[in-house]
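To keep things clear, I will list the structure first and then write my remarks on it.
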Amino acid sequence: MREFDYDLFVIGAGSGGVRASRISAAHGAKVAVAEEYRVGGTCVIRGCVPKKMLVYGSHFAEDLEDARNYGWTLGKETFDWPRLRDNVLADVDRLNKAYTTTLESNNVESFLERATIAGPHDIKLASGKTVTAKNILIATGAWPSMPDIPGIEHAVSSNEMFHLDSVPKRLLVYGGGYIANEFAGIFNGLGSCVTLANRSERLLRGYDEQIVERLMQISISKGIDIRLNCQLERIEESEDGTLTAFDTRGRPPIEADVILVATGRKPNTDGLGLENAGVGLDQKGAVKVNDLSQTNIENIYAVGDVTDRVQLTPVAIREGQAVADHLFGGESRIIDYDMIPSAVFSQPPIGAVGLTEGEAREKFGNVKVYSSDFRSMKNIFSERAERSLYKMICHPVTQQVLGLHMISPDAPEILQAAAVAVKAGLTKQAFDDTVALHPSMAEELVLLK
Ligand code: NDP
């Protein structure tokens, strides 16, 4: 029988790769992981975590305004971007070290260099060293996908937004999904003049239309200029550094100091050597896997964004855990992708689980929709027209909750708890039977009409 250097070699130390590595090692496997950038992956290094810190930082603009109405006398507030940016980056360093320590303390060997696949059991490292492994896990994540238009080199992706020298006076955000809405909210709060342009007439595809409509109303009332059906044709840079974006319909161009392109993320499979092992990809370049995250090559697995199933960190973590348990823990588990809660950290944020009203109507016909459209208590003193909206979509016969959709301060916090009830298959009656916790925003969930 052939001897291998490792039982498992993981390519990519992001959320899925780190979880698979440490659990496999804890099960007794000899494990190595290669990472070409920084241990932690997108979520920790240039995604969810630093983004959420920026959301907190940005929201102080409104909190400080509201404080006056709550009786506080404040001096002239000033905002120091380098301080926020550097504090966020320092926290990224802290997490990077924590992840590195976790790998070390679990006896996972780390190679901080690029690794490519040279054969079904062979891995080639950038240093020239080659190693062998009984099993290989591809956990290389995804990368911003930039549209192929002239001048795109003048635009940045979300990766660079964490490192800006200053807050841009004018920011154009191109895209209408998660990243676009989150960064539009952050930089609007920090004082940029923000334009958000999306190619279609629909923002946040996949989220409930009424909830997205509410976000649009609030975003516009906060000063974000939203342009729909606006497909960029080219970007030009003038001598003073101003960037000008032209759309395909010849409407007045949009001038900006920074253009953030957030038009989706594509699986990181280019140049990985997958063809050397015969690993199959789909049309988008994602690694094709079965229910056990196994590719068409028996000993090669893939988890997380590189498989383009659900591009969310907690899903990648589950997939990584399942691969480790399957290979070395004697437990083969199929991940349940139904009722995955998700959030958009816009301002205010959105939380959602299950079917939207549109999807539920298509599937079940005459569904029951309950809602609450309210002004949160904390916002009463603010002069903003910011109303929250909760929607519950129920099965027409059984009254089982099929979907729950919320836009309000703290919606993701509330939704995570409520998602347990939805996932458990509870009915509207179960929510009604629960006594309200007063006064809270969450109580609206048990008072829906
Ligand atoms: P999204 O898939 O959320 O949105 C992509 C947007 O770009 C859509 O509005 C789409 O328009 C538009 N678009 C797509 N292709 C093109 C193109 N070729 N030219 C012009 N516009 C285009 O992508 P994001 O980049 O915002 O985020 C990537 C992924 O990262 C998300 O899918 C999500 O899984 C993850 N993420 C999750 C977060 C969270 O959980 N809070 C936060 C940030 C990212 P249209 O819909 O009109 O076709």
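The values are calculated or read from the model by the stated rules, or taken from the named source; none is laboratory data. The structure presented is a predicted model; accordingly, all values stated were derived computationally and were not measured. Cβ placement follows ideal geometry from the backbone for every residue including glycine, while neighbour counts extend to all protein chains displayed. The accessibility values were calculated without ligands, DNA or RNA, using every heavy atom of the protein model including side chains. Shrake-Rupley method; radii C 1.70, N 1.55, O 1.52, S 1.80 Å.
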Q. Angle, helix 411-423 long axis vs. longest principal axis of the chain, Cα atoms, 0 to 90°, nearest 10?
A. 60
Q | Amide proton proximity set for SER110, modelled H, under 5 Å, gap of 5+ | A | VAL33
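When only the heavy atoms of the protein chains count and the probe is 1.4 Å, how do PHE345, PHE364 rank by accessible area, highest first?
Listed by decreasing accessible area, they come as PHE364, PHE345.
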**Q.** the stretch 41-122: chymotrypsin sites (Phe, Trp or Tyr not before Pro) in DSSP loop, at most 16 other beta carbons within 10 Å
**A.** TYR70, TRP72, PHE79
Q. Under 5 Å between amide H atoms, partner at least 5 residues away or on a different chain: which partners does LEU402 have, H built in plane at 1.01 Å?
A. ILE393, CYS394, HIS395
Q. Can you list residues whose amide H is under 5 Å from TYR6's amide H, if they're 5+ apart or on another chain and H is modeled 1.01 Å from N?
A. THR132, ALA133, LYS134
**Q.** GluC sites (Glu not before Pro) restricted to DSSP loop in the stretch 256-324 with at most 10 other C-beta within 10 Å
**A.** GLU298
(Q) Let me check against my output: what whole-number percent is the relative contact order of the chain, with C-alpha pairs under 8 Å and at least 6 apart? (A) 16
Q: Quick one: grab the alpha carbon gyration tensor of the stretch 204-287, order the square roots of its eigenvalues as a ≥ b ≥ c, and give me rounded if a/c is under 1.5, else prolate or oblate depending on whether a/b is larger than b/c.
A: oblate
Q.
Please give the Cα centre distance for the stretch 157-231 versus the stretch 278-339, rounded to the nearest Å.
A. 32
Q. Taking the Cα atoms only, what angle lies between the long axis of helix 48-69 and the longest principal axis of the chain, rounded to 10 degrees?
A. 20
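Would you mind calculating the relative contact order of the stretch 176-335 from Cα pairs under 8 angstrom and at least 6 residues apart, reporting the percent as a whole number?
Reported as a whole number, the value is 13 percent.
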Q) Relative contact order, percent, of the stretch 303-449 when contacts are C-alpha pairs under 8 Å separated by at least 6 residues? A) 20
**Q.** Nitroxide proxy distance, nm - points 7 Å out along Cα→Cβ at LYS284 and ARG68
**A.** 4.6
Q: Please give the contour-minus-distance gain from SER166 to SER371: 0.36 nm per residue of separation, less the Cα-Cα distance, rounded to one decimal in nm.
A: 69.6 nm
(Q) Can you give me the solvent accessible area of THR73 with a 1.4 Å probe, rounded to the nearest 10 Å²? (A) 130
Q. For ARG205 and ALA26 in one chain, what is 0.36 nm times their gap in residues minus the Cα-Cα distance, to one decimal in nm?
A. 60.4 nm
Q. Which of the GluC sites (Glu not before Pro) found in the stretch 353-430 are in a DSSP loop and have at most 12 neighbouring Cβ atoms, other than their own, within 10 Å?
A. GLU383
**Q.** Charge dipole of the chain about the Cα centre (unit charges at C-beta), most positive-ward option of LEU125, GLY151, SER346
**A.** SER346
**Q.** Distance violations [Cα-Cα > 21 Å] among LYS391/LYS428; LYS30/LYS134; LYS391/LYS449; LYS288/LYS363
**A.** LYS288/LYS363
Q) Ordered by residue, what ³J(HN,Hα) values in Hz, to whole numbers, does the stretch 80-93 give under the Karplus form 6.51 cos²θ - 1.76 cosθ + 1.60, where θ = phi - 60° and Gly and Pro are x? A) 10, 4, x, 5, 4, 4, 6, 5, 5, 5, 5, 5, 4, 4
